[in-house]
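Some notes on the structure that comes next.
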Amino acid sequence: MNENPEKTTHFGYKTVAETEKASMVADVFHSVATKYDVMNDLMSFGIHRLWKRQTIASSGVRKGHHVLDLAGGTGDLTAKFSQLVGDTGQVVLGDINSSMLKVGREKLHNLGLVGNIDYVQMNAEALPFPDNSFDLITIAFGLRNVTDQNKALRSMYRILKPGGRLLVLEFSKPEHQVLSKAYDFYSFNLLPKMGELVANDGESYKYLAESIRMHPDQETLKAMMNEAGFEQTTYQNLTGGIVALHRGFKY
C-alpha cells in the first residue's frame with residue numbers, strides 16, 4: 001500500500017497530479033498566446049475591456065506606485081498602469097508562461113510603453129520579491145489556473161506593502177439560473193468551436209470553460225482571501241456574476 005499517495009488537483013474536469021498541472025496549463029497558453037487578444041474580444045464580445053476598466057478604476061493607483069500585474073499575459077492592465085504610475089513608478093508584468101510574456105512585451109513595445117515596465121517569468125505560488133514590495137497586485141483571469149490558490153494568495157499578501165491592495169478579476173458564478181444555463185450552453189458548445197476556427201485549438205478552449213466551472217464561487221474566494229490575511233475583503237459582480245472583481249487590503 002502506498003503510504004504517500006501523490007496529491008491531485010483538477011485540470012478542467014480531469015483529475016491530475018499536482019506536479020503535472022502547471023506544465024499542462026503552460027501547454028494551453030503556449031498554444032493560444034498569439035491569438036489570445038483576438039479570442040478575448042470574440043469570446044466576451046469586447047466586454048472584457050469594460051471588466052478591466054472597472055479593475056483600473058478600483059485600483060487606487062497613483063504616480064510613483066509599484067504595481068504587479070500577475071498573470072498579466074498580453075499586458076492590457078500593464079499598459080494602463082504604466083501610464084498611471086509615471087516615470088517615478090514601476091509596473092512588473094509577471095506571468096508563468098514565456099509565450100504570453102513574449103506577446104505582451106512585443107505589444108507594449110509597439111505601443112511605445114518602455115522605461116517603467118519590467119517583465120518577469122514567475123510562479124504565483126512563490127513570488128520572487130521581498131516582503132512589502134508593491135502598492136497593488138492585480139491578477140486578472142489567472143488565479144483559476146494556479147495549482148495551489150491558497151499558497152498563491154499568501155504569497156501575494158507577503159509582498160504587498162502595508163496599506164496595499166489585491167484585486168482579483170476572475171470568472172465566477174452567475175447570479176441567475178437563466179443566465180447560468182445560457183452561459184453553460186455558450187461555454188461548452190460555441191466556445192470550443194470558436195477556438196477551433198480562430199486559434200485552431202478547440203481543446204484549449206474546452207479546458208478554459210471547464211476551469212471556470214471548477215473555480216471557487218464569490219463567497220468561497222472571499223473566504224480564501226480572508227484566510228490568507230486580507231482585510232476589508234469585498235467583491236463586485238460584473239455582467240450578472242459571470243465575472244467578479246474581488247478586493248482585499250493588507251494592513
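The values are calculated or read from the model by the stated rules, or taken from the named source; none is laboratory data. Owing to the predicted nature of the structure, the values given are computational and were not obtained by experimental measurement. A quick note on method: Cβ atoms are made from the backbone with ideal geometry, for glycine too, and the neighbour counts reach across all protein chains shown. What goes into the accessible areas is simple: the full protein's heavy atoms, side chains included, and nothing from ligands, DNA or RNA. Shrake-Rupley method; radii C 1.70, N 1.55, O 1.52, S 1.80 Å.
Just a few scattered comments:
- Farthest toward positive dipole pole in region 183-243 [+1 Lys/Arg, -1 Asp/Glu at C-beta], among Pro192, Leu221, Gln236: Pro192
- Calculated Rg and Dmax of region 39-98 using C-alpha coordinates, Å: 12.2, 36
- Dipole magnitude for region 91-138: computed about the Cα centre from +1 point charges on Lys and Arg Cβ and -1 point charges on Asp and Glu Cβ, it is near 260 debye.
- Among the DSSP helices (H) of the chain, those spanning at least 20 angstrom by Cα along their long axis with an average Kyte-Doolittle hydropathy of -1.0 or more are 18-32; this is a geometric and hydropathy rule only.
- Expressed as a whole percent, the accessible surface of the chain that belongs to carbon and sulfur atoms is 52, based on a 1.4 Å probe.
- Farthest toward positive dipole pole in the chain [+1 Lys/Arg, -1 Asp/Glu at C-beta], among Thr138, His109, Thr88: Thr88
- Accessible area expressed per residue, the chain, with surrounding protein chains retained (probe 1.4 Å, Å²): 48
- Here region 75-231 is treated as a Stokes sphere of Kirkwood radius computed over C-alpha pairs; at 10 °C and 1.306 mPa s its diffusion coefficient rounds to 91 µm²/s.
- For region 126-190, the Cβ-based charge dipole about the Cα centre amounts to some 120 debye (Lys, Arg positive; Asp, Glu negative; other atoms uncharged).
- The lysines whose alpha-carbon is closer than 16 Å to the alpha-carbon of Lys222, local same-chain residues fewer than 8 away aside, are Lys151, Lys173, Lys250.
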